[in-house]
Amino acid sequence: MTFSETVIQDLVKEHYGLNVTVKALNGYDELNFLLSDDKNEKYILKVSNESHSFPFLKAQASILRHLGNSAISDCFQHFCPNKIGEGLTQIIKDSQTYYIRILNFLEGTFWVDEKDKNSELHYNLGSFLGKMDNALADFSHPAMHRNYTWDISRASEAGDNLKYILNHEKRRIAGYFLLQFDTEVLPQLHRLRHAYIHNDANDYNVLVKDNRISGLIDFGDMVYTALINNLAIACVYAMLDEEDPLAVAAKIVEGYHNSYALTEQELDLLYYLIAGRLCISVTQSAYNASLDSNNEHHFVTEKPAWDLLYKWIKINPIKAQDAFRKACGFDGLINSDDYSELLEVRKKKIGRNLSIGYKDKLKIVKGALQYLYDDKGRTFVDCVNNPSHVGHCHPVIVRKMQHQIATLNTNTRYLNDAITDYAEKLTATLPEKLSVCYFVNSGSEANDLAIRMSRHFTKQKDIIVLDHAYHGTSTVAMEMSPYKFDSKGGSGQMPWIHKAINPDLYRGPYKYGDAAAGEKYAEDVQRIIENLKKEDKAPAVFICETLLGVGGQIPLPENYLKTVYDYVRAAGGVCIADEVQVGFGRIGDHFWGFELQDVVPDIVVLGKPIGNGHPLAAVIVTEEIAEAFNNGLEYFNTFGGNPVSMATGLAVLEVIQQEEMQQHALETGNYLMNGLKGLMAKYPIISDVRGHGLFIGAEMVKDRTTMEPAIPEIDIVVEKLKAKGYLLSTDGPLHNVLKIKPPMPFNKQNADEMVELLDIALSEL
């Protein structure tokens with residue numbers, strides 16, 4: 001559309017009989033002009049093309065007429081009639097049809113330009129919107145029943161544009177909120193009150209004067225939809241660039257409710273509706289960027305919208321629901337329950353030795369990528385849940401799982417593409433000789449099967465493990481876990497289990513700086529082999545985590561596995577790499593932990609991260625071992641390899657690769673370790689920082705010379721960080737190592753906050 005100021009001046013004279021000066025204004029999808037007549041009266045002229053239907057433009061005239069009879073009529077524009085008394089003037093230009101309308105000018109400062117946006121103004125915004133929606137309760141117009149991108153009720157459709165968000169973290173966050181919209185809002189939409197709403201109380205449409213709302217302009221987005229959407233949109237724009245967005249939204253909600261009562265159901269969905277509107281906004285910006293749009297209106301709120309989404313995901317939905325309910329005088333959702341009743345039921349009905357973390361217990365009710373939400377409205381950054389490898393409720397994983405479980409879940413006696421597709425993609429990440437997969441339901445089961453296969457292959461029984469190792473909860477896995485069998489209530493060491501010294505460069509006999517430490521620690525494995533030989537025995541298997549988890553978050557010394565594997569294989573044994581906690585790119589430098597040692601195991605055991613917390617694990621072996629295991633005795637596992645698990649595994653693998661999580665783990669892990677090393681230089685209590693990628697340990701001691709473990713100091717630090725919203729845990733034989741194994745979306749901002757809070761906690765010891 002091209003209409004010069006001179007052409008507009010002539011059209012106004014011709015059709016409205018007004019002599020005016022004309023100034024072009026910015027516009028989104030219509031042309032806007034400021035008119036001034038000889039009496040210094042001001043007007044706004046709008047030019048619309050046929051993309052704005054004539055019935056819809058008439059609906060705008062109709063809704064403004066209706067509001068002109070309300071108690072807040074001064075806050076809305078009215079149509080100025082042309083010479084024949086009509087509000088809309090049809091113009092034919094260059095064979096195209098256009099509609100011109102003139103509206104009176106409203107005085108005030110745009111919300112976006114208002115410097116002092118205080119709580120009174122926020123309340124007044126809500127009150128104004130409530131009055132408007134109340135006045136529109138008996139209004140209707142058929143043209144407002146339309147399919148419209150900016151209708152929050154249609155937020156699910158924004159998922160089509162997620163692919164245009166190129167930043168992995170941003171795409172993940174928007175995807176998460178759209179998943180929650182589909183889960184929390186969609187099933188309830190049809191039960192909500194519906195109305196004819198303005199639908200765009202944004203910071204360029206709301207006018208402010210004397211700390212009150214003086215006007216609302218531009219009805220071009222109006223639509224028939226859920227009433228609460230009108231409030232959600234106003235909240236979004238009022239919250240942009242605000243330090244405490246929830247407090248702002250709660251004040252607007254309070255004002256609205258006091259003018260037009262809201263229901264508890266509407267209030268409980270508001271958190272997700274706000275997120276839904278933000279997702280529409282950021283996905284539209286991404287889509288427009290993909291078209292190389294140079295229209296500044298396409299991107300005007302892009303940065304503040306993203307900033308708000310990053311803040312919003314850190315706000316527990318229960319905290320928001322509680323705040324909105326209380327703002328309206330309803331009972332809140334957060335209570336002072338001390339969980340004594342729940343703990344009593346748990347004590348009666350759940351095994352007594354299933355432990356619970358933290359001194360003050362947590363009841364976690366929802367997860368969001370690297371965040372966990374409890375029932376008290378608190379948000380925690382999860383620094384320890386490595387099973388949720390790609391993040392709690394990762395939208396891609398959840399949707400693939402939902403689709404598959406709604407399609408088919410059955411055992412592996414039927415042909416199914418998913419199991420072979422996954423096996424091919426999984427083995428493609430491994431050395432060529434590791435080519436045959438067995439799918440099971442847990443890491444414990446995987447380790448159990450791996451030992452069974454090794455014993456069958458070697459015709460030997462003895463197992464070499466590392467001291468303090470942990471390999472799972474099955475009978476066999478417990479037998480080869482010194483962490484369990486040496487502890488209180490443990491069964492003790494079986495005669496076929498042999499413990500090799502932990503290759504710990506901090507506490508062991510061979511320290512950092514000893515270039516031959518790996519070979520020296522490996523000699524202890526050779527010692528065991530020699531002792532077995534004296535009894536006419538040989539090891540069936542050597543099993544070792546490729547970074548030691550329960551053993552103290554310990555990276556293995558250089559050449560350790562290479563030397564050990566040579567010794568074990570020379571004795572006829574099989575080498576198993578336990579990648580349950582460390583695989584799938586977590587260590588950053590490589591995809592698998594064993595690659596740090598430049599070795600190829602005979603068997604790899606996978607668990608936890610493989611299904612992002614879904615019960616899925618795998619044993620991957622050489623063709624030779626697989627062939628030997630196929631001895632006529634059937635191997636069958638009802639749910640190992642079922643279609644849902646396979647769809648889940650495929651989705652996890654694709655997400656890791658497509659979102660470049662290995663590189664993220666490398667960069668974020670190095671960044672975090674540098675921060676922790678800075679604390680080590682400041683506080684003698686931290687004596688060692690070690691790890692790779694997002695597999696990190698920080699050892700704490702009372703004295704660096706005696707190396708006495710810092711207990712209870714480490715437990716105090718963990719509780720202090722929990723109180724500040726960071727969930728850490730302890731590990732190691734002496735329980736004095738901070739273990740840090742967060743879901744992979746954990747970012748540098750989380751790292752900065754964690755180091756800052758650790759700094760404070762250590763200074764208070």
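Pick out the one residue from Asp200, Asp221, Asp138 that is among the acidic types (Asp, Glu), over 35 Å from the mean Cα position of the chain (by Cα) and outside any helix (DSSP H, G or I). Give the steps one after another, and end with the answer.
On the way: Asp200 fails: over 35 Å from the mean Cα position of the chain (by Cα); Asp221 fails: over 35 Å from the mean Cα position of the chain (by Cα).
Matching residue, one of Asp200, Asp221, Asp138: Asp138.
Which number in (1) assigned to a loop (DSSP other than H, G, I, E, B); (2) farther than 28 Å from Asn134 by Cβ; (3) touching a helix residue (DSSP H, G or I) at 6+ places or on another chain (Cβ under 8 Å) marks the one condition that Ser70 misses?
(2)
Does the stretch 239-246 contain any residue that is under 21 Å from Ile334 (Cα atoms) and buried (at least 19 other Cβ atoms within 10 Å of the Cβ)?
Restricting attention to the stretch 239-246, the residues satisfying the condition of being under 21 Å from Ile334 (Cα atoms) are 244-246.
With the extra rule that they be buried (at least 19 other Cβ atoms within 10 Å of the Cβ), the set shrinks to 245-246.
Yes, some residue in the stretch 239-246 is under 21 Å from Ile334 (Cα atoms) and buried (at least 19 other Cβ atoms within 10 Å of the Cβ).
Results for (1) assigned to a loop (DSSP other than H, G, I, E, B); (2) at pLDDT below 95; (3) of a type in the set (S, T, N, Q), shown as yes or no for each residue.
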| residue | (1), (2), (3) |
| --- | --- |
| Tyr256 | no, no, no |
| Leu270 | no, no, no |
| Leu273 | no, no, no |
| Ser281 | no, no, yes |
| Asp307 | no, no, no |
| Ile315 | yes, no, no |
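Taking helices (runs of 4 or more DSSP H) that fall entirely within the stretch 336-450, which contain at least 3 residues that are β-branched (Val, Ile, Thr) and under 20 Å from the mean Cα position of the chain (by Cα)? Spell out the reasoning first.
Values: elements: 340-349, 395-405, 417-427.
In the stretch 336-450, 395-405 are the helices (runs of 4 or more DSSP H) which contain 3 or more residues that are β-branched (Val, Ile, Thr) and under 20 Å from the mean Cα position of the chain (by Cα).
For the stretch 609-655, which positions are of a type outside the set (S, T, N, Q), crowded, with 16+ Cβ neighbours inside 10 Å and more than 30 Å from His168 (Cβ to Cβ)?
Val619, Val621, Ile625, Ala626, Phe629, Phe639, Gly640
Does Ile463 qualify as being in the same structural domain as Gln553 (by TED's automatic domain parsing), among the β-branched types (Val, Ile, Thr) and either buried (at least 17 other Cβ atoms within 10 Å of the Cβ) or at pLDDT 95 or above (or both)?
Working: in the same structural domain as Gln553 (by TED's automatic domain parsing): yes; among the β-branched types (Val, Ile, Thr): yes; either buried (at least 17 other Cβ atoms within 10 Å of the Cβ) or at pLDDT 95 or above (or both): yes.
Judged against the criteria, Ile463 is a match.
All but one of (1) under 30 Å from Ile44 (Cβ atoms); (2) part of a helix (DSSP H, G or I); (3) among the aliphatic types (A, V, I, L, M) hold for Ala174, so report the exception by its number.
With respect to (1) under 30 Å from Ile44 (Cβ atoms); (2) part of a helix (DSSP H, G or I); (3) among the aliphatic types (A, V, I, L, M), Ala174 is out only on (1).
Of everything in the stretch 624-683, what is at positive phi and either among the polar types (S, T, N, Q) or out of contact with any helix residue (DSSP H, G or I) (no Cβ under 9 Å at 6 or more places or on another chain) (or both)? Give them in sequence order. Give the derivation first.
Looking only at the stretch 624-683, we keep the residues that are at positive phi, and these are 632, 641, 660.
Residue satisfying the conditions is Gly632 alone.
Which pairs turn up if I take residues in the stretch 216-245 that are touching a residue at least 24 places away in the same chain (Cβ under 8 Å) and look for partners that are among the hydroxyl-bearing types (Ser, Thr, Tyr) and in a strand (DSSP E or B) with beta carbon separation below 8 Å, at least 6 apart in sequence or on another chain?
Note: pairs meeting the criteria are Met222/Tyr196; Val223/Tyr196; Tyr224/Tyr196.
List the number of the failed condition for Lys562; all other conditions in (1) surrounded by fewer than 23 Cβ atoms within 10 Å (Cβ to Cβ); (2) under 27 Å from Asn386 (Cβ atoms); (3) touching a residue at least 60 places away in the same chain (Cβ under 8 Å) hold.
With (1) surrounded by fewer than 23 Cβ atoms within 10 Å (Cβ to Cβ); (2) under 27 Å from Asn386 (Cβ atoms); (3) touching a residue at least 60 places away in the same chain (Cβ under 8 Å) applied to Lys562, the lone miss is (3).
Examine the stretch 127-142 for a residue that is among the acidic types (Asp, Glu) and assigned by TED's automatic domain parsing to the domain that holds Ala232, and state whether such a residue exists.
To start, the set of residues in the stretch 127-142 that are among the acidic types (Asp, Glu) comprises 133, 138.
Retained after the next criterion (residues that are assigned by TED's automatic domain parsing to the domain that holds Ala232): 133, 138.
Within the stretch 127-142, one or more residues are among the acidic types (Asp, Glu) and assigned by TED's automatic domain parsing to the domain that holds Ala232.
Being under 23 Å from Glu107 (Cβ atoms) and among the β-branched types (Val, Ile, Thr) is the filter; apply it to the stretch 1-46 and report the residue that is surrounded by the fewest Cβ atoms within 10 Å (Cβ to Cβ).
Per the criteria, the residue is Thr21.
So for the stretch 448-469 (the condition being touching a Ser or Thr at 6+ places or on another chain (Cβ under 7 Å), in contact (Cβ under 8 Å) with a residue 60 or more places away in the chain and not aliphatic (A, V, I, L, M)), does at least one residue qualify? First the steps, then the outcome.
Going residue by residue through the stretch 448-469, those that are touching a Ser or Thr at 6+ places or on another chain (Cβ under 7 Å) are 448, 469.
Filter once more, so that each one left must be in contact (Cβ under 8 Å) with a residue 60 or more places away in the chain: 469.
Now narrow it down to the ones that are not aliphatic (A, V, I, L, M): none.
So far as the stretch 448-469 goes, no, none of its residues is touching a Ser or Thr at 6+ places or on another chain (Cβ under 7 Å), in contact (Cβ under 8 Å) with a residue 60 or more places away in the chain and not aliphatic (A, V, I, L, M).
Give me the pairs, please: first residue somewhere in the stretch 366-386 and among the charged types (D, E, K, R), second residue anywhere and surrounded by fewer than 18 Cβ atoms within 10 Å (Cβ to Cβ) and in a loop (DSSP other than H, G, I, E, B), beta-carbon distance under 6 Å, and either six or more positions apart or on two chains.
Short answer, once both residue conditions are applied: Asp374/Leu362; Asp374/Lys363; Asp375/Lys363.
Using beta carbons and a limit of 6 Å, which pairs, at least six apart or on different chains, have the first residue in the stretch 265-285 and assigned by TED's automatic domain parsing to the domain that holds Ile165 and the second one modelled with pLDDT under 95 and among the charged types (D, E, K, R)?
Pairs found: Ser285/Glu302.
What is the residue count in the stretch 644-671 for residues that are among the hydroxyl-bearing types (Ser, Thr, Tyr), under 18 Å from the mean Cα position of the chain (by Cα) and under 22 Å from Thr412 (Cβ atoms)?
Narrowing the stretch 644-671 to residues among the hydroxyl-bearing types (Ser, Thr, Tyr): 645, 648, 668, 671.
Still in the list and also under 18 Å from the mean Cα position of the chain (by Cα): 648, 668.
Add one more test, that the residue is under 22 Å from Thr412 (Cβ atoms), and what stays is 648.
Matching residues across the stretch 644-671 total 1.
Is it true that some residue in the stretch 121-143 is closer than 26 Å to Glu50 by Cα, surrounded by 16 or more Cβ atoms within 10 Å (Cβ to Cβ) and out of contact with any Phe, Trp or Tyr (no Cβ under 6 Å at 6 or more places or on another chain)?
Yes, there is a match, as at least one residue in the stretch 121-143 is closer than 26 Å to Glu50 by Cα, surrounded by 16 or more Cβ atoms within 10 Å (Cβ to Cβ) and out of contact with any Phe, Trp or Tyr (no Cβ under 6 Å at 6 or more places or on another chain).
Given the structure, is Lys326 assigned to a loop (DSSP other than H, G, I, E, B) and of a type in the set (Lys, Arg)?
Details: assigned to a loop (DSSP other than H, G, I, E, B): no; of a type in the set (Lys, Arg): yes.
Taking the combined requirement at face value, the residue does not satisfy it.
Taking the stretch 582-603, which residues are within 22 Å of Asn441 (Cα to Cα), over 29 Å from the mean Cα position of the chain (by Cα) and not in a loop (DSSP other than H, G, I, E, B)?
Scanning the stretch 582-603 gives a single hit, Ile603.
Taking Tyr470 as the residue in question, decide whether it is under 21 Å from His692 (Cβ atoms), touching a helix residue (DSSP H, G or I) at 6+ places or on another chain (Cβ under 9 Å) and modelled with pLDDT under 95.
Working: under 21 Å from His692 (Cβ atoms): yes; touching a helix residue (DSSP H, G or I) at 6+ places or on another chain (Cβ under 9 Å): yes; modelled with pLDDT under 95: yes.
When the stated conditions are applied, Tyr470 passes them.
Being surrounded by fewer than 20 Cβ atoms within 10 Å (Cβ to Cβ) and either more than 20 Å from Cys235 (Cβ to Cβ) or among the aromatic types (Phe, Trp, Tyr) (or both) is the filter here, so list the residues in the stretch 318-340 that pass it. Step through it out loud before you land on a result.
Quick first cut of the stretch 318-340, residues surrounded by fewer than 20 Cβ atoms within 10 Å (Cβ to Cβ) only: 326, 328-332, 334-340.
Selection gives Phe330, Asp331, Ile334, Asn335, Ser336, Asp337, Asp338, Tyr339, Ser340.
Identify all residues within the stretch 478-505 that are of a type in the set (Phe, Trp, Tyr), assigned to a loop (DSSP other than H, G, I, E, B) and buried (at least 18 other Cβ atoms within 10 Å of the Cβ); write none if there are none. Please lay out each step first, then the result.
The initial filter retains those residues of the stretch 478-505 that are of a type in the set (Phe, Trp, Tyr), namely 483, 485, 496.
When the remaining residues are screened for being assigned to a loop (DSSP other than H, G, I, E, B), the result is 496.
Residues satisfying the conditions do not exist here.
If you go through the stretch 1-57 one residue at a time, how many are part of a strand (DSSP E or B), touching a residue at least 24 places away in the same chain (Cβ under 8 Å) and within 22 Å of Gly85 (Cα to Cα)?
Taking the stretch 1-57 first, the residues part of a strand (DSSP E or B) are 20-25, 31-37, 42-48.
Right, trim to touching a residue at least 24 places away in the same chain (Cβ under 8 Å) and you get 31, 33-35, 42-48.
Pick out the ones that are also within 22 Å of Gly85 (Cα to Cα) and you get 33-35, 42-48.
The qualifying residues number 10.
May I ask you to verify whether Ser435 is crowded, with 23+ Cβ neighbours inside 10 Å, of a type outside the set (Asp, Glu) and touching a residue at least 60 places away in the same chain (Cβ under 8 Å)?
On the way: crowded, with 23+ Cβ neighbours inside 10 Å: no; of a type outside the set (Asp, Glu): yes; touching a residue at least 60 places away in the same chain (Cβ under 8 Å): yes.
Spelling it out, it is not the case that Ser435 is crowded, with 23+ Cβ neighbours inside 10 Å, of a type outside the set (Asp, Glu) and touching a residue at least 60 places away in the same chain (Cβ under 8 Å).
Within the set of pairs 6 or more residues apart or between chains, which connect a residue that is in the same structural domain as Gly551 (by TED's automatic domain parsing) and closer than 15 Å to His468 by Cβ inside the stretch 503-516 to a residue that is loosely packed, with under 15 Cβ neighbours inside 10 Å and not hydrophobic (A, V, I, L, M, F, W, C) with Cβ atoms less than 6 Å apart?
Short answer, once both residue conditions are applied: Leu505/Lys511; Leu505/Tyr512.
The values are calculated or read from the model by the stated rules, or taken from the named source; none is laboratory data. Just so you know, these numbers come straight off a predicted model, no measurement behind them. For neighbour counting, all protein chains shown are included, and Cβ atoms are generated from backbone atoms with ideal geometry for every residue, glycine included.
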